[in-house]
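Okay, structure first, notes after.
FYI, it's all coordinate maths here, none of it is from the lab. Quantities reported herein were computed from a predicted structural model and do not represent experimental measurements. Counting neighbours? That spans all protein chains shown, and the Cβs are built from the backbone with ideal geometry, glycine included.
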Amino acid sequence: MDEARDWRWIDIALAIVAAAIVTYGVLILGWSVFVVIALFWFENVVIGVLNLAKIGVSGARVGGAGLIAALALGAFFTVHYGMFTVVHGVFVAMLFGQPELNGSLNGLFSPLGRMLAYLFADRDGWLAAVAIVVLQAAAFIRWSSATRMESFGSDLASLPALMFAPYGRIVILHVTIIASGVLVIALKLPLLGALLLVVLKLAFDIAVTNKPATPRGSARPIRWQRFTIAQEDDATRP
């Protein structure tokens, strides 16, 4: 219990640092709403890569059968989540990136390449990206720590839940952020709008840290519960 609380405080601290870096970019470097939303889209890419790692770790804990299942589910997740992320990124680039990216944004991968090149064109963009990676890596470590005591059967049962775990987060977050971005552009308040997006994202990250690290549906194994109960009985026995 204390370990989980400690990890959540670390996650919250990292989320605040990441938000502070983006806020610095908005206030000092003049980052636009497009840059802020593009950074949050980049975070979705990082989340997808780390979720693929979760699938692999869960499968490896089981053994040969688990690895086969993890490879199959991982391949499906890569294609499905990858296409979802690509289309989402193109939508972000076309809706918000026209002034910064200049010119037409045709195709699927060309807008993404230009958007990433624009984000990482200077040191400050790289710093924000690193902060995002560290934040999500800490969440991955917390998940690994919280699930390391689960049995083989539980790890195998958690694979389908892991495959769909990121979708709820990115859909809720980005529907809110994109809708806010459209409203901000319509009202022509880019500075306040970009700061509002940072605040919304920070509030979302803090709310996420208060949820259990284990995926829904990956219940604790019965044999581990029995072992724990037996230990408690031994400890309370005179």
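Things to note:
- Spin-label model distance (nm) - Ser144 vs Met94, 7 Å beyond Cα toward Cβ: 3.9
- Gained length - Phe164 relative to Ala60, 0.36 nm times residue gap less alpha-carbon distance: 35.5 nm
- Length released on extending from Leu189 to Ala20, taking residue separation times 0.36 nm less the Cα-Cα span: 58.8 nm
- Cα-projected label distance for Val182 with Ala72, points at 7 Å along beta-carbon direction, nm: 4.0
- Cα shape, region 56-150, gyration tensor, a/c 1.5 rule: oblate
- Label reach from Phe109 (point 7 Å along Cα→C-beta): in region 78-102, amide nitrogens under 17 Å belong to 78-91.
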